[in-house]
Amino acid sequence: MNRFNGKNIIIGITGGIAGYKICDLIRLLVKENFNVEVIMTKSACEFITPLTIQTLTGNPVYTELFTLIKESKIGHISLAEKADCMVIAPATANVIGKIASGIADDLLTTTVLATKAPVLIVPSMNKNMWENPVVIENIKKISKYHTIMNPAEGLLACGVYGSGKLPEVDDIFEMIKIVLSPKPLLGKKVLVTAGPTIEEIDPVRFISNYSSGKMGYAIARVAKRLGAEVVLVSGRTALKKPYGVETHYVKSAKDMLNKCKEFIEDTDILVKCAAVADYKPESRADKKIKKGKDNKLTLNLIKNPDILFELSKYKKKGAIFIGFAAETEDAEKNAIQKLTNKNLDMIVVNNVAEKDAGFEKDTNRVILITKTGKLPLPLMTKEEVAYNIFDHLKSLSLT
Ligand code: PMT
């Protein structure tokens, strides 16, 4: 299931050097079955050609205000009505100024005035222009009506280092999904843990597990889309920080517990997806342990704190605690035991021995278990598992 299937995105490209990056944004959108239609200003056509954009979207590109398009409707009205979301990227200081003043002198600015869809504005310009008080004033004004995505910092095309760079294309892509999503979790604080913990044996070796962080990061992304304020406490992963999510990186179970403690008293929903090492070496060697003459090396392991159990002592009234259970046998029976022992409201059990589920995969097959029943789910993407967890909380009136 793709929750954004067929959504109509109208992209307005204005005359900035970052315009070429929008080709990648269009490719991401088209790949996930969005319908993309593009309006280009005259200056945008100096940087990239309408033919390139048309080839990528598979739709005609609109450049003129006074042309009739399909069904003989006036172009800007047709596009404005069709849009589920309008995105202006890159947005120059010029277009920002026009929108702030209600000027509608070309197809793009006219469509912005005519649409009732949410408008996402992604400015990109020279650092001095971005810091100009007039631009600052205009941004302040339009942010009352539209969503602004602040530019990134970096080396700009003009050779200057600073703020004004187009944000990364996959962050714009994620922001479009945030803008398009309903907000049932608005006002909720969600704390998510993800990835593996690491317990050091010596400076070069550690005990860990196969968690990639994919499941937990999907939960954090989806919670953000649904309107929550999200904190992610992550073990070591190769994944990019989810856009708009406050992310903290930790190593050991003890670090994870301490970091979670900083947020737990304010947390409305905790989703403890991290794969935590149950045991750690009794002591960590300061220097690399040398290979000895013996064929054996014995490591003494001691129990780590149970993070979920410890955090339950600080649980805010009305908060929901969700755990995961990674099982290879008697999955349901073991998960129900964990639901009770760890004082949880829900446990999400996955059989990590299945070939298309559990560690490192993009898909998962889980059962959502609460004190009142269970909901087995078929194989689906980890993102879809995340949506199902939050939908289930709603259906149980837990949120
Ligand atoms: O990261 P991926 O590659 O996408 O893989 C996803 C996953 C398989 C890691 C994920 O779906 C999952 O199952 N996470 C839970 C892993 C785990 O530690 O399961 P467990 O059954 O050992 O622990 C049960 C619960 O107690 C978990 O919520 C765990 O975070 C928590 N726990 C465990 C030990 C401990 N000392 N403290 C804890 O809080």
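The values are calculated or read from the model by the stated rules, or taken from the named source; none is laboratory data. Just so we're clear, the structure is a prediction, and the values are computed from it rather than from any experiment. Backbone-built Cβ (ideal geometry, glycine too); neighbour counts: all protein chains shown. Just the protein is used for accessible areas: all its heavy atoms, side chains included, with ligands, DNA and RNA removed. Shrake-Rupley method; radii C 1.70, N 1.55, O 1.52, S 1.80 Å.
Can you tell me which residue within segment 243-286, out of those that are among the basic types (Lys, Arg) and under 19 Å from residue 219 (Cβ atoms), is most open to solvent (accessible area, probe 1.4 Å)?
Taking segment 243-286 as the starting set, the residues that turn out to be among the basic types (Lys, Arg) are 251, 254, 259, 261, 272, 280, 284.
With under 19 Å from residue 219 (Cβ atoms) added as a condition, the list becomes 259, 272.
Numbers: 259: 46, 272: 11 Å².
Taking the candidates together, the pick is 259.
Of the residues that make up segment 341-348, is at least one within 11 Å of the ligand (Cβ to nearest atom), open to solvent by 10 Å² or more (accessible area, probe 1.4 Å) and touching a residue at least 40 places away in the same chain (Cβ under 8 Å)?
Checked against the condition, which is being within 11 Å of the ligand (Cβ to nearest atom), open to solvent by 10 Å² or more (accessible area, probe 1.4 Å) and touching a residue at least 40 places away in the same chain (Cβ under 8 Å), segment 341-348 yields no hits at all.
Could you list all residues from segment 214-234 that are farther than 13 Å from residue 272 by Cβ, crowded, with 24+ Cβ neighbours inside 10 Å and within 16 Å of the ligand (Cβ to nearest atom)?
217, 218, 222, 223
Is one or more of the residues making up segment 362-376 open to solvent by 30 Å² or more (accessible area, probe 1.4 Å), touching a Ser or Thr at 6+ places or on another chain (Cβ under 9 Å), within 13 Å of the ligand (Cβ to nearest atom) and modelled with pLDDT of 95 or more?
Yes, segment 362-376 contains a residue that is open to solvent by 30 Å² or more (accessible area, probe 1.4 Å), touching a Ser or Thr at 6+ places or on another chain (Cβ under 9 Å), within 13 Å of the ligand (Cβ to nearest atom) and modelled with pLDDT of 95 or more.
If a residue has to be without any contact (Cβ under 8 Å) to a residue 40 or more places away in the chain, assigned to a helix (DSSP H, G or I) and either farther than 19 Å from residue 230 by Cα or in contact with a strand residue (DSSP E or B) (Cβ under 8 Å, 6 or more places away or on another chain) (or both) to count, how many in segment 377-393 make the cut?
Here is the first cut: in segment 377-393, the ones without any contact (Cβ under 8 Å) to a residue 40 or more places away in the chain are 377-379, 388, 391.
With assigned to a helix (DSSP H, G or I) added as a condition, the list becomes 388, 391.
Within this subset, residues satisfying the condition of being either farther than 19 Å from residue 230 by Cα or in contact with a strand residue (DSSP E or B) (Cβ under 8 Å, 6 or more places away or on another chain) (or both) are 388.
Adding up the residues that qualify gives 1.
Residues checked against (1) part of a helix (DSSP H, G or I); (2) over 27 Å from residue 205 (Cα atoms):
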| site | (1), (2) |
| --- | --- |
| 283 | no, no |
| 287 | no, no |
| 292 | no, no |
| 297 | no, no |
| 308 | yes, no |
| 333 | yes, yes |
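Quick test for you: out of 174, 153, pick the one residue that is assigned to a strand (DSSP E or B) and at negative phi. Can you show your working first?
Working: 174 fails: assigned to a strand (DSSP E or B).
Being assigned to a strand (DSSP E or B) and at negative phi holds for just one of 174, 153, which is 153.
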